[in-house]
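Some notes on the structure that comes next.
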Amino acid sequence: MRELTYREALREAMAEEMERDERVFLMGEEVGHYNGAYKVSEGLLDRFGERRVVDTPIAETGFAGVGIGAAMVGLRPIIEFMTWNFSLCAYDQLVNNAAKLRYMSGGQITLPIVFRGPGGAAHQLAAQHSQAVESLYAYVPGLKVIAPSTPADAKGLLKTAIRDENPVIFIEGEVLYGHKGQIQDEEYQIPLGRGEVKRAGQDVTIVAWSKMVHAALDAATELAKEGIELEVIDPRTLRPLDDRLIFDSVKKTNRCIIVEEGWPFAGLGAEIAYRIMKEGFDYLDAPVVRVTGEDVPMPYAKNLEHEVFPSVEKIVRAVRDVLYS
Amino acid sequence: MDKTLMLSLYRDMIRIRRFEEEAARSYSRGKIGGFLHLYNGQEAVAVGAMSAVEPTDYIVATYRDHGHYLARVGDMNAAMAELFGKVDGCAKGRGGSMHYFDVAKRFMGGHAIVGGHVPIAAGIAFASKYRGEPDVTLCFFGEGTANMGAFHEGLSLAALWKLPVIFICENNLYSMGTPLYRTLSVEDVAVRAKGYPMAQEIVNGDDVLEVREVIRHAAKRARTESLPILIEAKTYRFRGHSMSDPAKYRTKEEVKEWMERDPIRLLAERIYALGIANEEQLKAVDEAAKQEVAGAVKFADESPSPDTATLFDDIYYEPDHHEQDEKVVPLEKRRQQASV
């Protein structure tokens with residue numbers, strides 16, 4: 001085992017896959033000579049050259065479309081968005097082209113492409129640079145959506161995503177890049193559509209992904225002092241969703257809280273809550289509760305921004321609500 | 001002049017014309033749903049361009065894609081069946097008029113978001129260059145596309161990376177119902193190439209031989225020097241934007257004037273003048289096309305509708321999927337499986 005940061009784990013995944021398969025290339029803003037806006041691709045240009053680590057102008061529609069075209073004829077592009085906020089410039093490419101080309105062509109087109117980059121809010125970047133976009137993409141049939149919370153998951157899932165034959169939306173946690181974790185020495189992959197129990201407990205199930213897993217784990221540590229044991233489930237892949245893992249946990253705890261960074265209205269947590277209600281209605285001892293980002297464009301001021309995040313305090317409060325304590 | 005070539009161009013153009021006329025009739029009879037954008041009047045562009053390139057060169061088209069499909073792939077049965085929403089259609093009835101595909105013949109689709117396919121065409125050309133393959137990509141679009149951001153991003157990347165792609169603007173003077181002088185800040189779309197920069201050319205889109213020559217040179221240059229070009233073909237669509245458009249925004253005089261320059265008639269006159277064929281012989285070619293269209297209608301009529309059990313097929317590539325016996329899985333079950 002080795003200790004790597006989330007950033008290094010992602011880099012290792014890309015380097016290993018680029019080494020393994022000549023069809024894999026990385027394209028995006030600042031990925032090459034600048035070594036990555038967030039240094040995820042640091043050193044890759046030196047190692048693989050300009051043919052396979054391609055700097056682009058600021059043109060999300062353009063280079064997302066170029067990636068889709070290249071994938072249509074058999075290359076396996078990794079398209080980096082400097083942040084997922086900017087992917088909205090390319091939303092037409094991702095939704096109308098990437099997600100639909102296979103279906104629309106009656107199965108003639110296979111589109112092995114990964115779109116990746118940091119998502120979610122960081123610190124005081126204000127409304128246009130602080131948003132969670134996973135619900136926007138998980139909504140779309142034809143896309144797969146991944147949001148890893150740890151370095152080990154980040155590496156294993158990115159490798160699988162690159163080898164997948166479908167368009168994959170890979171949303172990294174912007175504030176997780178420096179997080180450290182243990183990575184096994186041997187090569188490994190993590191299958192898409194499989195979640196993981198990040199902490200076992202019998203009192204309340206918490207479903208959370210990406211950086212919200214860490215908030216949930218912090219809440220679990222705090223509540224454990226009172227003898228309340230949270231079970232933290234990280235679906236890791238948001239589409240396809242491992243709802244079996246969630247149902248099994250809820251059947252045990254009879255209580256569930258979904259924690260997500262995104263806005264509440266029509267957010268992914270609403271779908272998960274519906275599925276739990278439909279599948280596990282008789283097992284529930286309390287309504288499913290959602291802890292989400294507040295329904296507001298992200299403000300700049302530090303104190304206001306703090307109010308928006310789904311914090312440990314809000315999760316703790318929600319746990320008390322579902323326990324009626 | 002190459003006699004065989006001239007006759008083959010004529011045949012390809014008249015096939016498209018007769019196909020489109022029948023599509024309009026079948027649409028009126030309710031056999032075709034959705035939007036139907038016809039190519040009447042613009043045949044010389046698709047036919048001239050396809051005749052100038054290799055069958056291994058890639059084609060990317062818009063929603064007005066019947067002509068390009070027939071000129072490249074030629075399968076009238078699959079084309080008509082697709083319009084009728086049948087399983088033998090070129091996209092198994094999933095795409096319809098606006099989304100013809102034949103990936104085996106490198107016809108990479110009809111795309112229906114204006115401009116959205118321009119970066120895709122650049123991407124296909126990027127892949128050819130990446131792999132060191134000699135293939136050129138042809139990307140067709142109308143003049144309305146020249147105002148879309150995706151158009152500019154696609155062209156600017158193609159110029160920056162010197163991609164072997166030929167952008168072919170079919171300027172039919174109207175983006176839907178609005179004349180270009182009210183939508184375009186320039187008279188010729190071709191001038192837009194200057195800023196990227198890339199080569200540009202304006203061609204008479206009613207003259208199939210002129211189109212062929214210009215594309216032939218562009219393809220040679222793209223293949224040997226890996227350079228993009230923007231070609232503007234001045235042309236005219238004889239019908240409205242789609243079947244729901246009576247095209248009242250155009251004067252009768254204007255339409256008449258353009259119809260006198262019907263690209264098919266222009267080619268026929270040239271064929272007569274050169275003594276390649278007489279009227280009777282071309283009539284026979286026309287008659288054969290009509291017969292083929294009638295056969296295609298019969299084929300499309302008889303082709304089954306897609307099995308509802310296949311509704312969720314091909315949303316994703318699933319390696320094991322086709323090994324299962326799909327027929328025995330009822331739709332309700334597939335619906336549940338698909339919604340994970």
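Per-structure values
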| item | result |
| --- | --- |
| Some residue of the range A:42-58 being without any contact (Cβ under 8 Å) to a residue 24 or more places away in the chain, of a type outside the set (S, T, N, Q) and not in a loop (DSSP other than H, G, I, E, B) | yes |
| Positions within the range A:111-129 being part of a loop (DSSP other than H, G, I, E, B) and under 15 Å from the mean Cα position of the chain (by Cα), in sequence order | A:Gly120, A:Ala121, A:Ala122 |
| Some residue of the range A:17-39 being aromatic (Phe, Trp, Tyr), away from every other protein chain (no Cβ under 14 Å), surrounded by fewer than 23 Cβ atoms within 10 Å (Cβ to Cβ) and touching a helix residue (DSSP H, G or I) at 6+ places or on another chain (Cβ under 8 Å) | yes |
| Meets criteria (touching an Asp or Glu at 6+ places or on another chain (Cβ under 9 Å), at pLDDT 95 or above and more than 30 Å from B:Ala112 (Cβ to Cβ)) for B:Ala284 | no |
| Residue check, A:Ala138 under 23 Å from A:Met18 (Cβ atoms), of a type in the set (Gly, Ala, Ser), at pLDDT 95 or above and not assigned by TED's automatic domain parsing to the domain that holds A:Ala215 | no |
| Set A:Ser149, A:Ser135: member being outside any helix (DSSP H, G or I) and either surrounded by fewer than 24 Cβ atoms within 10 Å (Cβ to Cβ) or touching a residue at least 60 places away in the same chain (Cβ under 8 Å) (or both) | A:Ser149 |
| Of residues in the range B:137-180 being part of a loop (DSSP other than H, G, I, E, B) and more than 10 Å from every other protein chain (Cβ to nearest Cβ), the one nearest to A:Ala59 (Cα to Cα) | B:Lys162 |
| Single condition B:Gly149 does not satisfy, out of (1) more than 15 Å from B:Val189 (Cα to Cα); (2) out of contact with any Asp or Glu (no Cβ under 8 Å at 6 or more places or on another chain) | (1) |
| Some residue of the range B:62-79 being in contact with a Pro (Cβ under 7 Å, 6 or more places away or on another chain) and either assigned by TED's automatic domain parsing to the domain that holds B:Val203 or surrounded by 24 or more Cβ atoms within 10 Å (Cβ to Cβ) (or both) | no |
| Leading residue by the ranking (farthest from the chain's Cα centre (by Cα)) among those in the range B:21-46 that are assigned to a helix (DSSP H, G or I) and buried (at least 24 other Cβ atoms within 10 Å of the Cβ) | B:Ala23 |
| Residue that is surrounded by the fewest Cβ atoms within 10 Å (Cβ to Cβ) [pool: residues in the range B:106-136 that are assigned to a strand (DSSP E or B) and more than 8 Å from chain A (Cβ to nearest Cβ)] | B:Phe107 |
| The range A:71-108, residues that are of a type in the set (D, E, K, R), within 27 Å of B:Gly132 (Cα to Cα) and without any contact (Cβ under 8 Å) to a residue 60 or more places away in the chain | A:Glu80 |
| Check on B:Ala104, more than 23 Å from B:Arg25 (Cα to Cα) and either polar (S, T, N, Q) or without any contact (Cβ under 8 Å) to a residue 12 or more places away in the chain (or both) | yes |
| Test: B:Gly177 is touching a residue at least 60 places away in the same chain (Cβ under 8 Å), over 20 Å from B:Val60 (Cα atoms) and either in the same structural domain as B:Gly67 (by TED's automatic domain parsing) or touching a Lys or Arg at 6+ places or on another chain (Cβ under 9 Å) (or both) | yes |
| From the options B:Ala233, B:Ala300, residue that is under 30 Å from B:Phe141 (Cβ atoms), in a helix (DSSP H, G or I) and in contact (Cβ under 8 Å) with a residue 60 or more places away in the chain | B:Ala300 |
| Some residue of the range B:61-72 being of a type outside the set (S, T, N, Q) and without any contact (Cβ under 8 Å) to a residue 40 or more places away in the chain | yes |
| Top-ranked residue of the range A:91-105 - restricted to ones that are part of a helix (DSSP H, G or I) and within 9 Å of chain B (Cβ to nearest Cβ), ranked as surrounded by the fewest Cβ atoms within 10 Å (Cβ to Cβ) | A:Asn96 |
| Where a residue in the range A:249-264 is touching a residue at least 24 places away in the same chain (Cβ under 8 Å) and its partner, wherever it lies, is of a type in the set (Lys, Arg), with Cβ under 8 Å and at least six apart | A:Ile257/A:Arg290; A:Ile258/A:Arg290; A:Val259/A:Arg290; A:Glu260/A:Arg290; A:Glu261/A:Lys211; A:Pro264/A:Arg290 |
| Verdict on B:Thr183 being modelled with pLDDT of 95 or more, assigned by TED's automatic domain parsing to the domain that holds B:Arg250 and surrounded by fewer than 17 Cβ atoms within 10 Å (Cβ to Cβ) | no |
| Candidate set from the range B:47-103 (those that are of a type in the set (Ser, Thr, Tyr) and assigned to a helix (DSSP H, G or I)); member that is farthest from the other protein chains (Cβ to nearest Cβ) | B:Ser51 |
| Single condition A:Gly67 does not satisfy, out of (1) more than 10 Å from chain B (Cβ to nearest Cβ); (2) crowded, with 22+ Cβ neighbours inside 10 Å; (3) in contact with a strand residue (DSSP E or B) (Cβ under 6 Å, 6 or more places away or on another chain) | (1) |
| Meets criteria (under 30 Å from A:Val24 (Cα atoms), assigned by TED's automatic domain parsing to the domain that holds A:Ile246 and either at pLDDT 95 or above or more than 14 Å from the chain's Cα centre (by Cα) (or both)) for A:Lys225 | no |
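One line per residue, one yes/no per condition, for (1) of a type in the set (Gly, Ala, Ser); (2) loosely packed, with under 15 Cβ neighbours inside 10 Å:
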position: A:Glu187; (1), (2): no, yes
position: A:Leu192; (1), (2): no, no
position: A:Glu196; (1), (2): no, no
position: A:Gly201; (1), (2): yes, no
position: A:Thr205; (1), (2): no, no
position: A:Ser210; (1), (2): yes, no
position: A:Ala220; (1), (2): yes, no
position: A:Glu226; (1), (2): no, yes
position: A:Ile233; (1), (2): no, no
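The values are calculated or read from the model by the stated rules, or taken from the named source; none is laboratory data. Because the structure is predicted, anything quoted here is derived from the model rather than measured. Glycine also receives a Cβ, built like all others from the backbone with ideal geometry; neighbour counts cover every protein chain displayed.
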